[in-house]
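First up is the structure itself, then whatever we jot down about it.
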Amino acid sequence: MVLEDRVRAGDTFGAKAKVSGSFGRVLWYGQGAVMGLVADGGPTATLTYTGWNLKDTGTGNQSNVIAGMAINAGRLQIAPNVLYQKPMVAPIPIDAPVPGRPRNILDDPFAVLGNREMFGAEMLLTWDPTPATWMWAWDNDVREDARLAGSLGFVYRHLPTTRDASIGILADGRTTFAFPGAPPPADLWELRLRLVSRIGPESRIVANLFGGTAQPSTFGDRRIERYGADARAAWRKLSVMSSARFNDWGPYDYHRDFNLTFPVQLMTDISHTVGAPRWFEDVAQTRFGVRGTWRSLDRYSPRFAPGFVPGPGGTPVPDPTIPSPNGNEWEIRTYLHFAM
């Protein structure tokens, strides 16, 4: 059955409430929200106690409950967090009878996207021996003065339903369209480790490692298991960045939209700052450097062409399903970044 309805004035209203407190070394909070279909007030930018990943999306058409606590045990902080959210009007499945179709933000006043029904649980462990340079400050990469500070976070998401359709952009960069469906129900997990070290007064290292399962932001039931790491090191005016990603999406949004992955992605960047160094900040400093990138390609990668088949009008088109060893591509670039 398909129900045709309209958005009313009351659907623009929502309410959100939050309580917090402390018992000695234990900090706690609880938050709940009920948001009308188009009550998109936006997310709350403030950090609550620590750097939790599970948060209210700030969009309409949902009710949610979030609760967590941060237990301070000396230099170690233990912080569990849970979230449950559910849209008040569910997404339209891809097999809905006519005139039903998956919603999208181009043609509909609201859509079930980030407010998809979800139960999430998170555990975050933080080691911060110098709390004066807070681990979760936006510029912690630059200001951290500990010999070693770090965080380890695990997030589990139970997604029992699908969601509405996302939009894509064609190759011309201007034409938008709605995908014909959305990802299916799934259980996903992710593990992230971040390490920051101030080795000396003129050097520091920041490293990030991640691994887990993930879905594309659009249609398709292909779920990926991705892993990777990146590290940045700075010594005086010299900066080195390197990353390695395995079975992960490429660097642009459309790679996740179309579920385009690369078996291996490697990158190294070496740069030299002209003038007073600003560590890892890319703004307000002039620098020059060289960057090398290498990727392997398989049937799920863009530009992979192990062979060609006749296309429309007889024009040859690449067929990535032809059995073939993985391909590869590489790029070396030099750059000069001016700061005015």
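Number of residues in segment 194-207 that are surrounded by fewer than 16 Cβ atoms within 10 Å (Cβ to Cβ) and touching a strand residue (DSSP E or B) at 6+ places or on another chain (Cβ under 9 Å) equals 4.
When you scan segment 31-44, how many residues do you find that are crowded, with 18+ Cβ neighbours inside 10 Å and either hydrophobic (A, V, I, L, M, F, W, C) or assigned to a strand (DSSP E or B) (or both)? Number of matching residues: 5.
Once segment 45-58 is narrowed to residues that are touching a residue at least 24 places away in the same chain (Cβ under 8 Å) and over 17 Å from the mean Cα position of the chain (by Cα), the residue that is surrounded by the fewest Cβ atoms within 10 Å (Cβ to Cβ) is L47. Filter segment 1-30 down to the residues that are assigned to a strand (DSSP E or B) and within 30 Å of I94 (Cα to Cα) and list them by number. Selection gives G14 alone. Out of curiosity, is A182 more than 29 Å from N115 (Cα to Cα), hydrophobic (A, V, I, L, M, F, W, C) and assigned to a loop (DSSP other than H, G, I, E, B)? No, not satisfied. Scanning segment 249-263 for residues that are under 28 Å from H337 (Cα atoms) and crowded, with 17+ Cβ neighbours inside 10 Å returns W249, G250, H255. Could you please let me know if L83 is hydrophobic (A, V, I, L, M, F, W, C), modelled with pLDDT of 95 or more and surrounded by 15 or more Cβ atoms within 10 Å (Cβ to Cβ)? Spelling it out, L83 is indeed hydrophobic (A, V, I, L, M, F, W, C), modelled with pLDDT of 95 or more and surrounded by 15 or more Cβ atoms within 10 Å (Cβ to Cβ). Checked against the criteria, S301 counts as under 23 Å from R226 (Cα atoms), of a type in the set (G, A, S), in contact with a Ser or Thr (Cβ under 7 Å, 6 or more places away or on another chain) and not in a strand (DSSP E or B).
Just to be sure, is M123 touching a strand residue (DSSP E or B) at 6+ places or on another chain (Cβ under 8 Å), more than 25 Å from R232 (Cα to Cα) and outside the structural domain of A234 (by TED's automatic domain parsing)? Considered against the rule, which asks whether it is touching a strand residue (DSSP E or B) at 6+ places or on another chain (Cβ under 8 Å), more than 25 Å from R232 (Cα to Cα) and outside the structural domain of A234 (by TED's automatic domain parsing), M123 comes out as yes.
Looking at segment 128-177 only, could you name the residues that are among the small types (G, A, S) and part of a strand (DSSP E or B)? Passing the criteria: A149, G150, S151, G153, G168.
Residues that are of a type in the set (S, T, N, Q) and either in a strand (DSSP E or B) or over 21 Å from G36 (Cα atoms) (or both) within segment 48-93 comprise T48, T50, N53, Q62, S63, N64, N72, Q77, N81, Q85, listed in sequence order.
The values are calculated or read from the model by the stated rules, or taken from the named source; none is laboratory data. Bear in mind that the values here come from a model prediction, so they are computed numbers and not experimental data. Don't worry about glycine lacking a Cβ; one is built from the backbone with ideal geometry, like all the others, and counts go over all protein chains shown.
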